[in-house]
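Trainee: Got a structure here, written out as structure tokens. Questions coming.
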Amino acid sequence: MKYYILFGPPGAGKGTQAGAMAEKFNLKHISTGELLRGEIAAGTPLGLQAKALIDAGNLVPDEVVEGMIEDKFNTIKGVDGFLLDGFPRTEAQAVALDEILERRGEKLTGVVSIMIPDGMIMERIRHRAEIEGRADDARDEIILNRISTYHAKTEPLIAFYKASGRYREVDGTGTIEEVRERIFEIM
Ligand code: ADP
């Protein structure tokens, strides 16, 4: 099985690119953000717990998303691999992912990192807010909190994965098609 991580700051275009990547390589796209929004929409206890954190632009507890990921690995069949979008987001989650993969006798295939400058994040998310109406996209102060959470907790993962030799970066600026071609080339 292939295990890819789709990495990048909020608004880099992970969700936009994931569909084409999953289709081309027969991967199951797993977005922890989407899974969490599903729990909120369904009004589950987990959703209720997650909602306040997400709406404020904070991360949900590591154990919550780690459990979701392992559950998906265990239950999804009929694909050649997985494309993780929005996970891992902390070093603890990255370590947990290694452990989950080890229990399965598998290892990470690679990290595809989509990079855009901070200045572009705000612009992209403001645009998305008009289309998707996500609560955590609605206010600049929430977006700024997500950007600083990314720098503080998620960006250190770049060094973590570079050290493993499985990290590849693509320029996330340009058209959707241009970015998609860059991604396909490195995959
Ligand atoms: P973005 O477009 O900002 O990358 P996502 O849809 O990936 O948004 O995530 C939305 C929110 O869901 C995050 O800001 C965070 O609150 C929560 N979330 C998603 N994935 C994780 C994770 N791996 N760990 C903790 N919180 C997460």
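The values are calculated or read from the model by the stated rules, or taken from the named source; none is laboratory data. If you're wondering where the values come from, they're calculated on a predicted model, not measured in any experiment. Counting neighbours? That spans all protein chains shown, and the Cβs are built from the backbone with ideal geometry, glycine included. When the accessible area is computed, the model is the full protein with side chains, heavy atoms only, and any ligands, DNA or RNA have been set aside. Shrake-Rupley method; radii C 1.70, N 1.55, O 1.52, S 1.80 Å.
Trainee: Can you tell me which residue among ARG128, ARG134, ARG104, ARG139 is at pLDDT below 95 and closer than 25 Å to GLY67 by Cα?
Mentor: ARG134
Trainee: For the stretch 98-136, which positions are in a helix (DSSP H, G or I), farther than 27 Å from GLU181 by Cβ and touching a residue at least 60 places away in the same chain (Cβ under 8 Å)?
Mentor: Once the filter is applied, which keeps residues that are in a helix (DSSP H, G or I), farther than 27 Å from GLU181 by Cβ and touching a residue at least 60 places away in the same chain (Cβ under 8 Å), the stretch 98-136 yields LEU101, ALA135, ASP136.
Trainee: Condition test on ARG146, is it open to solvent by 40 Å² or more (accessible area, probe 1.4 Å), outside any strand (DSSP E or B) and either in contact with a Gly (Cβ under 6 Å, 6 or more places away or on another chain) or at pLDDT below 95 (or both)?
Mentor: Spelling it out, it is not the case that ARG146 is open to solvent by 40 Å² or more (accessible area, probe 1.4 Å), outside any strand (DSSP E or B) and either in contact with a Gly (Cβ under 6 Å, 6 or more places away or on another chain) or at pLDDT below 95 (or both).
Trainee: Looking only at the stretch 91-99, decide whether some residue is open to solvent by less than 40 Å² (accessible area, probe 1.4 Å) and within 9 Å of the ligand (Cβ to nearest atom).
Mentor: Scanning the stretch 91-99 turns up at least one residue that is open to solvent by less than 40 Å² (accessible area, probe 1.4 Å) and within 9 Å of the ligand (Cβ to nearest atom).
Trainee: Exactly one condition in (1) surrounded by 15 or more Cβ atoms within 10 Å (Cβ to Cβ); (2) in contact (Cβ under 8 Å) with a residue 60 or more places away in the chain; (3) among the hydrophobic types (A, V, I, L, M, F, W, C); (4) touching a helix residue (DSSP H, G or I) at 6+ places or on another chain (Cβ under 8 Å) is false for ILE176; which is it?
Mentor: Going through the list (1) surrounded by 15 or more Cβ atoms within 10 Å (Cβ to Cβ); (2) in contact (Cβ under 8 Å) with a residue 60 or more places away in the chain; (3) among the hydrophobic types (A, V, I, L, M, F, W, C); (4) touching a helix residue (DSSP H, G or I) at 6+ places or on another chain (Cβ under 8 Å), ILE176 breaks only (1).
Trainee: Related question: Considering only residues that are within 10 Å of the ligand (Cβ to nearest atom) and either under 15 Å from the mean Cα position of the chain (by Cα) or among the polar types (S, T, N, Q) (or both), which ones fall in the stretch 31-44?
Mentor: Selection gives SER31, THR32, GLY33, GLU34, LEU35, LEU36, ARG37.
Trainee: Tell me which residues, restricted to the stretch 14-43, are among the small types (Gly, Ala, Ser) and surrounded by fewer than 20 Cβ atoms within 10 Å (Cβ to Cβ). Before you say what the answer is, go through the steps one by one.
Mentor: Let us first name the residues in the stretch 14-43 that are among the small types (Gly, Ala, Ser), namely 15, 18-20, 22, 31, 33, 38, 41-43.
GLY15, GLY19, ALA20, SER31, GLY33, GLY38, ALA41, ALA42, GLY43 - these are the residues of the stretch 14-43 that are among the small types (Gly, Ala, Ser) and surrounded by fewer than 20 Cβ atoms within 10 Å (Cβ to Cβ).
Trainee: Contact list please: Cβ distance under 8 Å, first residue in the stretch 9-30 and without any contact (Cβ under 8 Å) to a residue 60 or more places away in the chain, second residue of a type in the set (Ser, Thr, Tyr) and open to solvent by 10 Å² or more (accessible area, probe 1.4 Å), pairs at least six apart or on different chains.
Mentor: LEU27/TYR4
Trainee: In the set LYS77, LYS2, which member is touching a residue at least 60 places away in the same chain (Cβ under 8 Å), among the basic types (Lys, Arg) and surrounded by fewer than 20 Cβ atoms within 10 Å (Cβ to Cβ)? Show your work before the answer.
Mentor: Working: LYS77 fails: touching a residue at least 60 places away in the same chain (Cβ under 8 Å).
The unique qualifying residue is LYS2.
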